[in-house]
Every structure is written in C-alpha cells, then in structure tokens.
1. Quick one: in the range 114-150, which of the residues that are among the acidic types (Asp, Glu) and over 16 Å from Arg96 (Cα atoms) is surrounded by the most Cβ atoms within 10 Å (Cβ to Cβ)?
2. In the range 3-50, how many residues are under 19 Å from Leu94 (Cβ atoms), part of a helix (DSSP H, G or I) and small (Gly, Ala, Ser)?
3. Pull up the range 80-108, narrow it to residues that are of a type in the set (S, T, N, Q) and in a strand (DSSP E or B), then point me to the one that is nearest to Asp35 (Cα to Cα).
4. When the residues of the range 26-59 are narrowed to those that are touching a Leu at 6+ places or on another chain (Cβ under 7 Å) and of a type in the set (A, V, I, L, M), which ends up least open to solvent (accessible area, probe 1.4 Å)?
5. Just to be sure, is Gly92 out of contact with any Phe, Trp or Tyr (no Cβ under 8 Å at 6 or more places or on another chain) and open to solvent by less than 70 Å² (accessible area, probe 1.4 Å)?
6. Looking at His111, His69, which is the one that is in a strand (DSSP E or B) and closer than 22 Å to Glu147 by Cα?
7. Pairs, please: C-beta under 8 Å, at least 6 apart or cross-chain, first residue open to solvent by 70 Å² or more (accessible area, probe 1.4 Å) and in the range 70-87, second modelled with pLDDT of 95 or more and part of a loop (DSSP other than H, G, I, E, B)?
8. Are any residues in the range 88-116 touching a residue at least 60 places away in the same chain (Cβ under 8 Å), farther than 22 Å from Ala143 by Cβ and in contact with a His (Cβ under 8 Å, 6 or more places away or on another chain), and if so, which ones?
Amino acid sequence: MSDDQRIVTASRVVAAPAADIFELIADPARQPEWDGNDNLGHAPPGQRVRSVGDVFTMELTKGAVRENHVVEFEEGRRIAWTPAPRGEAPPGHLWRWELEPSDDSTTLVRHTYDWTNLTDQRRFERARSTTAANLQASVDRLAALAEATE
C-alpha cells in the first residue's frame, strides 16, 4: 500500500436488522468478540455510545488502554471514532462503521479505516498493516454474531 492509499474498506450484506448490528458495534464491551485485527482485549461494560463527543475506553491485547473519541454518530446507521493513548490527543486515524438497511432483515455493513490525517510517522507501519482483509474479518465475524441471534 502506498502512502496515497490511506483509506481501507470492506463490506458485505448481513442477514440481520441494522438496529441489531448497530448494538454490537455501539457497545464497546462487545467489540472484542468480532475484532478481525485481534487487537482488542477488553472494554468495561456500560459504555454504550450514544452521541458525538462520547469517549469509550478499550484495553488492547498487549495491555495498552485507548480512549476512543466518537466523531460521527447516527443511531442505527453510522459511528466513527479516533483512538488515542490515554490522556493524549488522537493522532489522526479513524475507524468508521456504516449500516445501510436493504429491508427489515438485511443490511449492507461497511467498515473503514482511514489514516489520511495521521501525522505521527512512527505509526505509519502499523497503519499500513491494517488491510482490507483485516477489516473484512471484522465484518465477517460481526455478521456471524448478528446472524446467529436472528
């Protein structure tokens, strides 16, 4: 991936209602269940995201804690956050989930990793290693979980 390709995306149609899928995404405690990057360790319960400006914490598998600043939010449709080490400003990368209902029981799920605003060159190698395949793994695991509850 060149430096010019700083937006990675994956998607698929999921046989579940958008509201059900969104609940799995908007509750950080559920995110490690379907993380295709195998990077998320644990999030305390009770942090369900409800609006732009919310901040939720996540412990990574290697023990670091991230504060995730919600920068986009539309209930049942879209959520995006910028992660940051605890007590620091976000360095500029963004994770986004978008849901487009096809009908009451089918939803197009799109997952995006965008590092166009990342300026810390020490983070570039890790950013480049986040591929569409990683994102697709997250989408597929999320789909399996959502479809199993239907």
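1. That would be Glu147.
2. 1
3. Thr82
4. Filtering the range 26-59 for residues that are touching a Leu at 6+ places or on another chain (Cβ under 7 Å) and of a type in the set (A, V, I, L, M), the one least open to solvent (accessible area, probe 1.4 Å) comes out as Met58.
5. Details: out of contact with any Phe, Trp or Tyr (no Cβ under 8 Å at 6 or more places or on another chain): no; open to solvent by less than 70 Å² (accessible area, probe 1.4 Å): yes.
No: the conditions fail for Gly92.
6. From the options His111, His69, the qualifying one is His111.
7. Glu75/Arg50
8. Trp115
The values are calculated or read from the model by the stated rules, or taken from the named source; none is laboratory data. Model, not experiment: these values are computed from the prediction. So basically every Cβ, Gly included, is an ideal-geometry build from the backbone, and we count neighbours across all protein chains shown. Quick note on the areas: whole protein, heavy atoms, side chains included, nothing else; ligands and nucleic acids left out. Shrake-Rupley method; radii C 1.70, N 1.55, O 1.52, S 1.80 Å.
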